[in-house]
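The values are calculated or read from the model by the stated rules, or taken from the named source; none is laboratory data. Just so it is clear, the model here is predicted, and its values are computed rather than measured. For neighbour counting, all protein chains shown are included, and Cβ atoms are generated from backbone atoms with ideal geometry for every residue, glycine included.
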Amino acid sequence: MYRREYFAGVDEVGRGPLAGAVYAAAVVLDPFIRLDGLRDSKLLSEKRRNELDLVIREKALAYCVASADVSEIDEINILQASMLAMERAVSGLNVPVDFVIVDGNRIPDLPCEAEWLIKGDSKSDAIKAASIIAKVARDNEMKRLDRIYPEYGLAQHKGYPTRAHLESLKRHGPSPIHRLSFAPCRAVAEQEQVK
């Protein structure tokens, strides 16, 4: 087996939230440039993620952030939607790759050889980089959506099922960006239909 210097790391973010798209990123790092401070995005402060996001975008050989929207999540389920987002991220790279490492234990339908890596976001720099830029992109989108739907507090919890989010969901009902295939959203929508 030959040494693969130019491969893509892929990760997704946003499978657990009740609202918003699921995001994925694919990143091809330059093997001759070391990026200090890469970690799983969940272990970094928002400030540090934003700083690293800029560095990754500047120094990576290639990157692509993609998503699957709420209607796709509700139609094909969150797992398949996250796979779709990862496929889109890999296909959107502007350099050809012949190998992909995916965080987790499943591989999306890709046009090249791929392997999954459990806890890859703590083992592979390319996956760490992908997790960071996907997280920053999704968080920025949730902040944008918070300006459209301010009653849900999306900028604070990013759509995750916090107590505050669940209470606002019950108070205001689901918005067009809530995932009706998720039980809390579906339950509130069904209660509204009964009224």
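Within the range 5-117, considering only strands (runs of 3 or more DSSP E) that don't extend past its boundaries, which have at least 1 residues that are touching a Pro at 6+ places or on another chain (Cβ under 7 Å) and of a type in the set (D, E, K, R)?
Details: elements: 8-13, 22-28, 62-68, 99-103, 113-117.
Ranges flagged: none.
Go through the range 152-195 and count every residue that is within 18 Å of the chain's Cα centre (by Cα) and either assigned to a helix (DSSP H, G or I) or modelled with pLDDT under 95 (or both).
Qualifying residue count, the range 152-195: 4.
Hey, can you tell me all the residues within the range 93-138 that are among the acidic types (Asp, Glu), surrounded by fewer than 23 Cβ atoms within 10 Å (Cβ to Cβ) and in contact with a helix residue (DSSP H, G or I) (Cβ under 9 Å, 6 or more places away or on another chain)?
The answer is 109, and nothing else.
State which residue pairs qualify: first residue free of Cβ contacts under 8 Å to residues at least 24 places away in the same chain and inside the range 18-33, second residue of a type outside the set (Lys, Arg) and surrounded by fewer than 24 Cβ atoms within 10 Å (Cβ to Cβ) in any location, beta carbons under 9 Å apart, and separation of 6 or more residues or different chains.
Pairs that qualify, where the first residue is free of Cβ contacts under 8 Å to residues at least 24 places away in the same chain and the partner is of a type outside the set (Lys, Arg) and surrounded by fewer than 24 Cβ atoms within 10 Å (Cβ to Cβ), are 32/5.
Could you tell me which numbered condition residue 28 fails, if it satisfies all but one of (1) in contact with a His (Cβ under 8 Å, 6 or more places away or on another chain); (2) among the hydrophobic types (A, V, I, L, M, F, W, C); (3) more than 24 Å from residue 178 (Cβ to Cβ)?
(1)
Residue 165: in contact with a His (Cβ under 6 Å, 6 or more places away or on another chain), within 29 Å of residue 56 (Cα to Cα) and not acidic (Asp, Glu), yes or no?
The answer is no for residue 165.
Just a yes or no: is a residue in the range 156-163 of a type in the set (Gly, Ala, Ser) and touching a residue at least 60 places away in the same chain (Cβ under 8 Å)?
Taking the range 156-163 and keeping what is of a type in the set (Gly, Ala, Ser), we get 159.
Checking the rest, the ones that are also touching a residue at least 60 places away in the same chain (Cβ under 8 Å) come to 159.
The answer is yes, given that some residue of the range 156-163 is of a type in the set (Gly, Ala, Ser) and touching a residue at least 60 places away in the same chain (Cβ under 8 Å).
I'd like to know if the range 29-50 contains one or more residues that are surrounded by 14 or more Cβ atoms within 10 Å (Cβ to Cβ) and among the aromatic types (Phe, Trp, Tyr). Quick ask: steps written out before the conclusion?
Within the range 29-50, the subset surrounded by 14 or more Cβ atoms within 10 Å (Cβ to Cβ) is 29, 31, 35, 38-41, 44, 48-50.
Filter once more, keeping what is among the aromatic types (Phe, Trp, Tyr): none.
The answer is no, given that none of the residues of the range 29-50 is surrounded by 14 or more Cβ atoms within 10 Å (Cβ to Cβ) and among the aromatic types (Phe, Trp, Tyr).
Out of the residues in the range 6-17 that are hydrophobic (A, V, I, L, M, F, W, C) and buried (at least 24 other Cβ atoms within 10 Å of the Cβ), state the one that is nearest to the chain's Cα centre (by Cα). Spell out the reasoning first.
Taking the range 6-17 first, the residues hydrophobic (A, V, I, L, M, F, W, C) are 7-8, 10, 13.
Then drop every residue that is not buried (at least 24 other Cβ atoms within 10 Å of the Cβ), which leaves 8, 10, 13.
Numbers: 8: 16, 10: 10, 13: 3 Å.
Step by step, filter the range 6-17, then rank; the result is 13.
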